[in-house]
Amino acid sequence: MTIIASPRPWYGLLLLLAAACTSAQEPTKVEAVRVVERPVIETVPLTGSVTAEQRSLLSPQVAGLVSRLAVDAGDRVDAGDLLLELDSELVSIDRDQAAADLASAEAQWADSERQLNEARSLRDGAIAASDIRRLEAEERVSRANRDAARARLKRLEAELERHQVRAPFSGVISSRQVDLGEWVSPGNPLMELVASAPLRVHFQVPQRYFPRVSEQSRLSLRFDAYPDTEVIGRVHRKVPLSESGARTFLLRVTPPDDAPELIPGLSTSGLLELNTDRTGLSVPRDALIRYPDGRVSVWVITEAEQGQVSSVREQQVTPGISASGWVEIRSGLSSGDVVVTLGNEALQEGQNVVPERIAESHANDQGGSR
């Protein structure tokens with residue numbers, strides 16, 4: 001009978017050889033960070049859009065026939081620019097007649113005033129008191145006629161001005177609802193004007209986070225049209241009104257001056273950072289090793305000294321809230337531990353490493369990248 005020797009003794013020998021080779025290898029160079037207490041910041045992802053401060057659907061103040069279109073959709077205009085003109089021929093004729101009537105009324109008033117002044121300048125008894133009173137009445141009537149003529153002319157000039165629709169503010173014509181030759185009345189939509197500045201970003205914030213938002217809250221912005229650009233916005237105003245059933249509240253954010261060129265309607269994503277009013281141990285996100293079964297661990301350097309050979313051990317941790325590239329560690333680490341942040345992808349238990357850099361994490365540090 002033939003007896004086959006078990007391969008297990010050879011397997012143990014191979015493990016010993018592998019360990020000897022590992023110990024003979026040069027220590028791996030890594031970067032690390034010292035774990036300290038930090039304020040725990042919670043991040044809330046938001047989606048919103050760029051919105052103009054002013055948006056107006058313009059309509060005429062008087063009825064009339066559209067005789068001129070000075071702009072079209074997409075045109076940029078300044079405040080006071082002519083946008084549309086209605087046919088004003090009849091009103092112009094009435095205005096000219098009113099101007100002539102005013103000139104006649106002023107001449108009549110000037111003559112009656114002259115006669116009254118001449119009568120008053122005569123010596124006592126040269127003219128009857130009743131004649132003075134008559135001349136005073138005529139002067140008052142002519143003066144009233146003059147004032148009425150002035151008012152009529154002013155009204156017709158204002159009506160004539162209302163046959164022109166001008167831009168109430170600077171912006172862009174987003175749409176036009178009328179064409180030449182159409183008859184329009186007050187209240188009919190003519191065109192929509194959207195202000196080009198200032199612009200805000202509107203977000204809907206879930207109600208459980210809204211009370212914790214303040215003007216000092218940090219909020220990073222990304223725009224779909226500029227996916228590689230991230231800027232920091234400033235909370236402009238909290239609007240404490242919720243749409244029925246939505247359970248969200250409006251947050252208006254001002255983009256910074258160095259933001260890329262924005263247009264109303266541009267979709268935006270935001271990351272809102274909220275203070276939890278507590279502190280905890282935190283490590284950079286790059287320090288975490290995540291396994292398919294859900295385990296999360298870090299590599300801790302034992303007796304870590306910068307530039308000195310040390311060994312590492314794997315430590316399982318329980319992560320918590322993450323923000324600004326840092327992750328709260330709820331269990332598994334102690335303050336002062338040094339964890340590997342760069343070069344931790346292929347480490348083994350007990351492997352020798354050389355920390356080229358040990359960063360000191362401060363409580364007010366906002367470091368890290370997303």
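Based on what the data block shows, is L271 of a type in the set (A, V, I, L, M) and touching a Lys or Arg at 6+ places or on another chain (Cβ under 8 Å)?
On the way: of a type in the set (A, V, I, L, M): yes; touching a Lys or Arg at 6+ places or on another chain (Cβ under 8 Å): yes.
Yes.
For T268, indicate whether it is in a strand (DSSP E or B), in contact (Cβ under 8 Å) with a residue 40 or more places away in the chain, open to solvent by less than 30 Å² (accessible area, probe 1.4 Å) and touching a strand residue (DSSP E or B) at 6+ places or on another chain (Cβ under 8 Å).
Against the criterion (in a strand (DSSP E or B), in contact (Cβ under 8 Å) with a residue 40 or more places away in the chain, open to solvent by less than 30 Å² (accessible area, probe 1.4 Å) and touching a strand residue (DSSP E or B) at 6+ places or on another chain (Cβ under 8 Å)), T268 qualifies.
Just give me the residues in the stretch 324-344 being more than 40 Å from the chain's Cα centre (by Cα) and open to solvent by 50 Å² or more (accessible area, probe 1.4 Å), in sequence order.
Answer for the stretch 324-344, where residues must be more than 40 Å from the chain's Cα centre (by Cα) and open to solvent by 50 Å² or more (accessible area, probe 1.4 Å): just S334.
Residue by residue, here is whether (1) open to solvent by less than 90 Å² (accessible area, probe 1.4 Å); (2) in contact with a Leu (Cβ under 9 Å, 6 or more places away or on another chain); (3) over 30 Å from L57 (Cα atoms); (4) not in a helix (DSSP H, G or I) holds:
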| site | (1), (2), (3), (4) |
| --- | --- |
| L116 | yes, yes, yes, no |
| A119 | yes, yes, yes, no |
| A126 | yes, no, yes, yes |
| L135 | yes, yes, yes, no |
| E138 | yes, yes, yes, no |
| S142 | yes, no, yes, no |
| A151 | yes, no, yes, no |
| L156 | yes, no, no, no |
| L160 | yes, no, no, no |
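Enumerate the pairs (first residue in the stretch 100-116 and under 11 Å from S142 (Cα atoms) and among the polar types (S, T, N, Q); second residue anywhere and open to solvent by 60 Å² or more (accessible area, probe 1.4 Å) and in a helix (DSSP H, G or I)) with beta-carbon separation below 7 Å, excluding pairs fewer than 6 apart on the same chain, so at least 6 apart or on different chains.
From the stretch 100-116, the pairs are Q108/N145; S112/E138.
Between a residue in the stretch 281-294 that is surrounded by fewer than 18 Cβ atoms within 10 Å (Cβ to Cβ) and any residue that is in a strand (DSSP E or B) and modelled with pLDDT under 90, which pairs come within a Cβ distance under 6 Å, given they are 6 or more apart or on different chains?
Close Cβ pairs satisfying both conditions: R285/V327.
Open to solvent by less than 30 Å² (accessible area, probe 1.4 Å) and not in a strand (DSSP E or B): does that describe V50?
So V50 fails the test.
Over 30 Å from G74 (Cβ atoms) and either open to solvent by less than 90 Å² (accessible area, probe 1.4 Å) or in contact with a strand residue (DSSP E or B) (Cβ under 9 Å, 6 or more places away or on another chain) (or both): does that describe R218?
yes
Among the residues of the stretch 285-299, what is the count of those that are assigned to a strand (DSSP E or B) and either at pLDDT below 90 or aromatic (F, W, Y) (or both)? Lay out the reasoning, then the answer.
Initial filter on the stretch 285-299 (assigned to a strand (DSSP E or B)): 289-290, 296-299.
If we keep only those that are either at pLDDT below 90 or aromatic (F, W, Y) (or both) too, we end up with 299.
Of the residues in that region, 1 qualify.
How many residues does the stretch 117-154 contain that are touching a residue at least 24 places away in the same chain (Cβ under 8 Å) and closer than 30 Å to L193 by Cβ?
0
Can you tell me which of L90, L65 is open to solvent by 50 Å² or more (accessible area, probe 1.4 Å), assigned to a helix (DSSP H, G or I) and either under 17 Å from Q164 (Cα atoms) or free of Cβ contacts under 8 Å to residues at least 12 places away in the same chain (or both)?
Being open to solvent by 50 Å² or more (accessible area, probe 1.4 Å), assigned to a helix (DSSP H, G or I) and either under 17 Å from Q164 (Cα atoms) or free of Cβ contacts under 8 Å to residues at least 12 places away in the same chain (or both) holds for just one of L90, L65, which is L90.
Could you list, in sequence order, all residues of the stretch 316-347 that are in a strand (DSSP E or B) and either free of Cβ contacts under 8 Å to residues at least 24 places away in the same chain or at positive phi (or both)?
Selection gives Q316, T318, S331.
Are there strands (runs of 3 or more DSSP E) fully within the stretch 183-252 with at least 3 residues that are closer than 22 Å to Q54 by Cα and at pLDDT 90 or above? List them.
On the way: elements: 191-195, 199-206, 218-223, 226-242.
Filter on the stretch 183-252 gives 191-195, 199-206, 226-242.
Looking at the structure I just gave you, is R76 open to solvent by 40 Å² or more (accessible area, probe 1.4 Å) and more than 30 Å from L193 (Cα to Cα)? Before you say what the answer is, go through the steps one by one.
Working: open to solvent by 40 Å² or more (accessible area, probe 1.4 Å): yes; more than 30 Å from L193 (Cα to Cα): no.
Against the criterion (open to solvent by 40 Å² or more (accessible area, probe 1.4 Å) and more than 30 Å from L193 (Cα to Cα)), R76 does not qualify.
What about A24, is it under 30 Å from V300 (Cα atoms), at pLDDT below 95 and surrounded by fewer than 16 Cβ atoms within 10 Å (Cβ to Cβ)? Don't jump to the end; show me each part of the working.
Numbers: under 30 Å from V300 (Cα atoms): yes; at pLDDT below 95: yes; surrounded by fewer than 16 Cβ atoms within 10 Å (Cβ to Cβ): yes.
Yes.
The values are calculated or read from the model by the stated rules, or taken from the named source; none is laboratory data. Keep in mind that this is a model prediction, so the values were computed, not measured. Cβ: placed from backbone, ideal geometry, glycine included. Neighbour counts: every protein chain shown. Heads up: the accessible areas ignore ligands, DNA and RNA and are worked out on the full protein's heavy atoms, side chains in. Shrake-Rupley method; radii C 1.70, N 1.55, O 1.52, S 1.80 Å.
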